[in-house]
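Peer 1: The structure under discussion is supplied below as structure tokens; questions concerning it will follow.
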Amino acid sequence: MTADTFDVVVIGMGPGGEAAATRLSRAGLTVLGVEGRLVGGECPYYACVPTKMMIRAANTLAEAGRVGALAGSAAVRPDWGHVAGRIRAEATDNWDDAVAVARFEKAGGRFVRGWARISAPGEVTVDTTTGSRVFQATQGIVLNPGTQPAAPPIPGLADTPYWTNREAVAVKEVPSSLIVFGGGPVASEFAQVFARFGSSVTMLVRSRLLSHDEPESGEVLGEVLASEGVTVRTGVSVTRVAHDGRRFTVSLDDGVVHHAEQLLVATGRRADLAALGVGNLGLDEQSPTIEVDERMRAGDRLWAIGDVTGRGAFTHMSMYQADIAASDILGAATRAADYRAVPRVTFTDPEVGTVGVTEAMARAGGVSVRTGITRVPSSSRGWIHKAGNDGFIKLVEDADRGVLVGATSVGPAGGEVLGALAVAIHAEVPVRTLRDMIFAYPTFHGAIAAALKDLGDQAD
């Protein structure tokens, strides 16, 4: 083994890890970045970027299908080759991170590819293809390990060639039929994309669609998916999975059996804290997350950011926390983490945007809740839009304080409409002030005014 010393060692070069390591390097610290997979993490190679290319293509097909209701007639022929080619050429460089590595090294950092673990306080051991190396971190260690796709312990599943999001993004041909385990954002986005490109899709969901969002979100999305030919079965459990070399057989607890050419497992993600060696610093290796304070400190000379902190597996969260952690390491004045207005968007059609807490979460937290809701089709812009106008805007108010604590925007450009609501929640703008605003007409965000009116009606 060899020993090298750095000011900071960053374990995991996902979006947040790369951002923190780059900033610290540019500030003059000696920084080592360690990554076993690809610099940039899940987002640019298997998640945010390539999946949104898939969604953009699928939405274009859907819009072409709406021509008959709006503009005459059109005929389209789906071709997955265009999508697969764009993902390889424009998003992932065929899953090559050479550009990202060079960018970090140009900023002054040093990069080592391998799997890192904390072997002692201030010490990191990295297993590389050529052996193990030991590095010392004099000022601290930043943990940004991200998470891995997690498969449920279903009999037979591990012995089959099922997909996770990583395999699904890289496909060159769309399967004729697809079973999707899960009902969250990843499962829903892939289900709709592959269905629009011709797959016969069945979703098997243990609870309900988008179970962390408002129930109305899952209801609307379920109706849209059903209208597009997707079979959505909620409240079911899988008892066994088999593969005969040609197709999957999935057995359910109600006795029903489903068959498909391919199976996508999108039931969650996890981090392996034991492999990360956090036990050597006195942290719980069996915990699913690492607890951090408002400065991202997880212990003495230890910071953690991103998925592993349990604040949401979002690139924007990782980047937000990276800035706070880097500022703390540099001794720069910085804000404390504030999670009141965390936005999240499921990029289905319609888009499902949520910020803050849901109605159920607010009530569970003892908030005096008042809600207001308006349906997008009943708004002026929704009526004009006609085909593909499913959605709603729901507001959750803390009636005692007169401010919004949560909001949901479902519909065309639902994630974009969410921006105004995120500002309102983050800044704690009084609801009475929001009611006095002038909303442009006719816009999708103009429906916020109708939801605010419904809030007022509930107060009367």
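Peer 1: Hey, among Leu61, Leu38, Leu70, which residue is touching a Phe, Trp or Tyr at 6+ places or on another chain (Cβ under 8 Å), surrounded by fewer than 18 Cβ atoms within 10 Å (Cβ to Cβ) and at pLDDT 95 or above?
Peer 2: Working: Leu38 fails: surrounded by fewer than 18 Cβ atoms within 10 Å (Cβ to Cβ); Leu70 fails: touching a Phe, Trp or Tyr at 6+ places or on another chain (Cβ under 8 Å).
On inspection, the qualifying residue turns out to be Leu61.
Peer 1: While we're here: Using beta carbons and a limit of 7 Å, which pairs, at least six apart or on different chains, have the first residue in segment 151-175 and farther than 11 Å from Val241 by Cα and crowded, with 20+ Cβ neighbours inside 10 Å and the second one among the basic types (Lys, Arg) and modelled with pLDDT of 95 or more?
Peer 2: Partner pairs satisfying both residue conditions: none exist.
Peer 1: Now for a separate question. Helices (runs of 4 or more DSSP H) wholly in segment 1-111 with at least 2 residues that are over 24 Å from the mean Cα position of the chain (by Cα) - which ones? Write out each step before concluding.
Peer 2: Details: elements: 15-26, 42-46, 48-65, 67-70, 80-86, 98-106.
Hits in segment 1-111: 15-26, 48-65, 67-70, 80-86, 98-106.
Peer 1: Then there is this: Considering only segment 397-413, I want to know if a residue exists there that is surrounded by fewer than 19 Cβ atoms within 10 Å (Cβ to Cβ), closer than 19 Å to Leu210 by Cβ and touching a residue at least 24 places away in the same chain (Cβ under 8 Å).
Peer 2: yes
Peer 1: Restricting to segment 165-185, name every residue that is under 19 Å from Ala313 (Cβ atoms) and in contact with a Leu (Cβ under 9 Å, 6 or more places away or on another chain).
Peer 2: Start the filter on segment 165-185 by keeping residues that are under 19 Å from Ala313 (Cβ atoms), which leaves 165-169, 180-185.
Residues satisfying the conditions are Asn165, Glu167, Ala168, Val180, Phe181, Gly182, Gly183, Gly184, Pro185.
Peer 1: From Thr51, Thr30, Thr22, Thr5, grab the single residue that is in contact (Cβ under 8 Å) with a residue 60 or more places away in the chain, farther than 28 Å from Gly415 by Cα, crowded, with 22+ Cβ neighbours inside 10 Å and of a type in the set (Val, Ile, Thr).
Peer 2: Values: Thr51 fails: farther than 28 Å from Gly415 by Cα; Thr30 fails: crowded, with 22+ Cβ neighbours inside 10 Å; Thr5 fails: crowded, with 22+ Cβ neighbours inside 10 Å.
Answer to the check: Thr22.
Peer 1: In addition: Just to be sure, is Arg208 of a type in the set (Lys, Arg), out of contact with any Lys or Arg (no Cβ under 9 Å at 6 or more places or on another chain), part of a loop (DSSP other than H, G, I, E, B) and within 30 Å of Gly372 (Cα to Cα)?
Peer 2: When the stated conditions are applied, Arg208 passes them.
Peer 1: While we're here: Considering only segment 310-319, I want to know if a residue exists there that is aromatic (Phe, Trp, Tyr), out of contact with any Leu (no Cβ under 9 Å at 6 or more places or on another chain) and either loosely packed, with under 13 Cβ neighbours inside 10 Å or over 21 Å from Ala187 (Cα atoms) (or both).
Peer 2: So the first thing to find is which residues in segment 310-319 are aromatic (Phe, Trp, Tyr), and the list is 314.
Pick out the ones that are also out of contact with any Leu (no Cβ under 9 Å at 6 or more places or on another chain) and you get 314.
Filter once more, keeping what is either loosely packed, with under 13 Cβ neighbours inside 10 Å or over 21 Å from Ala187 (Cα atoms) (or both): none.
Within segment 310-319, none of the residues are aromatic (Phe, Trp, Tyr), out of contact with any Leu (no Cβ under 9 Å at 6 or more places or on another chain) and either loosely packed, with under 13 Cβ neighbours inside 10 Å or over 21 Å from Ala187 (Cα atoms) (or both).
Peer 1: Go through (1) surrounded by 17 or more Cβ atoms within 10 Å (Cβ to Cβ); (2) closer than 25 Å to Tyr162 by Cα one by one and return the number of the condition Val345 breaks.
Peer 2: The single condition Val345 does not satisfy is (2).
Peer 1: Go through (1) outside the structural domain of Ala413 (by TED's automatic domain parsing); (2) under 30 Å from Val241 (Cα atoms); (3) modelled with pLDDT of 95 or more and name the single condition Phe347 misses.
Peer 2: The single condition Phe347 does not satisfy is (1).
Peer 1: (1) in contact with a helix residue (DSSP H, G or I) (Cβ under 8 Å, 6 or more places away or on another chain); (2) within 30 Å of Asp127 (Cβ to Cβ); (3) touching a residue at least 12 places away in the same chain (Cβ under 8 Å): which one isn't true of Arg270, the others all being true?
Peer 2: So Arg270 meets the others, but not (1).
Peer 1: State all residues of segment 314-349 that are closer than 21 Å to Gly414 by Cα and touching a helix residue (DSSP H, G or I) at 6+ places or on another chain (Cβ under 6 Å); if no residue qualifies, say none.
Peer 2: Hits for segment 314-349 are Thr315, Ala341, Pro343, Val345, Thr346, Phe347, Thr348, Asp349.
Peer 1: Hey, can you tell me all the residues within segment 297-309 that are surrounded by 20 or more Cβ atoms within 10 Å (Cβ to Cβ) and in contact (Cβ under 8 Å) with a residue 60 or more places away in the chain?
Peer 2: Within segment 297-309, Ala298, Leu302, Trp303, Ala304, Ile305, Gly306, Asp307, Val308 qualify.
Peer 1: Can you find even one residue in segment 426-440 that is at pLDDT 95 or above and under 21 Å from the mean Cα position of the chain (by Cα)?
Peer 2: yes
Peer 1: Quick one: which of Val142, Val124 is buried (at least 16 other Cβ atoms within 10 Å of the Cβ), assigned by TED's automatic domain parsing to the domain that holds Arg26, within 22 Å of the chain's Cα centre (by Cα) and of a type in the set (Val, Ile, Thr)?
Peer 2: Working: Val124 fails: within 22 Å of the chain's Cα centre (by Cα).
Exactly one residue qualifies, and that residue is Val142.
Peer 1: Quick check on segment 362-385. Is at least one of its residues in a loop (DSSP other than H, G, I, E, B), outside the structural domain of Gly140 (by TED's automatic domain parsing) and among the basic types (Lys, Arg)? I'd like the intermediate steps shown before the answer.
Peer 2: Looking only at segment 362-385, we keep the residues that are in a loop (DSSP other than H, G, I, E, B), and these are 365-368, 379.
Imposing the further condition that a residue be outside the structural domain of Gly140 (by TED's automatic domain parsing) reduces the set to 365-368, 379.
Those left that are additionally among the basic types (Lys, Arg): none.
Checked segment 362-385: no residue is in a loop (DSSP other than H, G, I, E, B), outside the structural domain of Gly140 (by TED's automatic domain parsing) and among the basic types (Lys, Arg).
Peer 1: Any idea which of Val241, Val236, Val250 is surrounded by 13 or more Cβ atoms within 10 Å (Cβ to Cβ), outside the structural domain of Asp349 (by TED's automatic domain parsing), in contact with a Gly (Cβ under 9 Å, 6 or more places away or on another chain) and aliphatic (A, V, I, L, M)? Full working, then the answer.
Peer 2: Details: Val236 fails: in contact with a Gly (Cβ under 9 Å, 6 or more places away or on another chain); Val250 fails: in contact with a Gly (Cβ under 9 Å, 6 or more places away or on another chain).
Of Val241, Val236, Val250, the one residue that is surrounded by 13 or more Cβ atoms within 10 Å (Cβ to Cβ), outside the structural domain of Asp349 (by TED's automatic domain parsing), in contact with a Gly (Cβ under 9 Å, 6 or more places away or on another chain) and aliphatic (A, V, I, L, M) is Val241.
Peer 1: Are there any pairs with C-beta distances below 6 angstrom linking a residue in segment 318-333 that is under 15 Å from Gly306 (Cβ atoms) to a residue that is at pLDDT below 95 and not aliphatic (A, V, I, L, M), with the two at least 6 apart or on different chains, and if so which?
Peer 2: Listed by first residue and then by second, the contacts come to Ile324/Thr334.
Peer 1: Hey, does segment 91-103 have a residue that's touching a strand residue (DSSP E or B) at 6+ places or on another chain (Cβ under 6 Å), surrounded by 13 or more Cβ atoms within 10 Å (Cβ to Cβ) and either among the aliphatic types (A, V, I, L, M) or farther than 30 Å from His385 by Cα (or both)? Break it down stepwise before answering.
Peer 2: Going residue by residue through segment 91-103, those that are touching a strand residue (DSSP E or B) at 6+ places or on another chain (Cβ under 6 Å) are 101.
Now narrow it down to the ones that are surrounded by 13 or more Cβ atoms within 10 Å (Cβ to Cβ): 101.
Then keep just the ones that are either among the aliphatic types (A, V, I, L, M) or farther than 30 Å from His385 by Cα (or both); that gives 101.
There is at least one residue in segment 91-103 that is touching a strand residue (DSSP E or B) at 6+ places or on another chain (Cβ under 6 Å), surrounded by 13 or more Cβ atoms within 10 Å (Cβ to Cβ) and either among the aliphatic types (A, V, I, L, M) or farther than 30 Å from His385 by Cα (or both).
Peer 1: Select from segment 299-317 the residues that are in contact with a Gly (Cβ under 6 Å, 6 or more places away or on another chain) and on the phi > 0 side of the Ramachandran plot and list them in ascending order. Walk me through it before giving the result.
Peer 2: Looking only at segment 299-317, we keep the residues that are in contact with a Gly (Cβ under 6 Å, 6 or more places away or on another chain), and these are 301, 305-307.
Arg301, Gly306, listed by residue number.
Peer 1: Please indicate, with yes or no, whether at least one residue in segment 430-443 is in contact (Cβ under 8 Å) with a residue 24 or more places away in the chain, closer than 14 Å to Ile393 by Cβ and among the aromatic types (Phe, Trp, Tyr).
Peer 2: no
The values are calculated or read from the model by the stated rules, or taken from the named source; none is laboratory data. Treat the numbers as computed from the prediction; the structure is a model and nothing was measured. We place every Cβ from the backbone using ideal geometry, glycine too, and count neighbours over all the protein chains shown.
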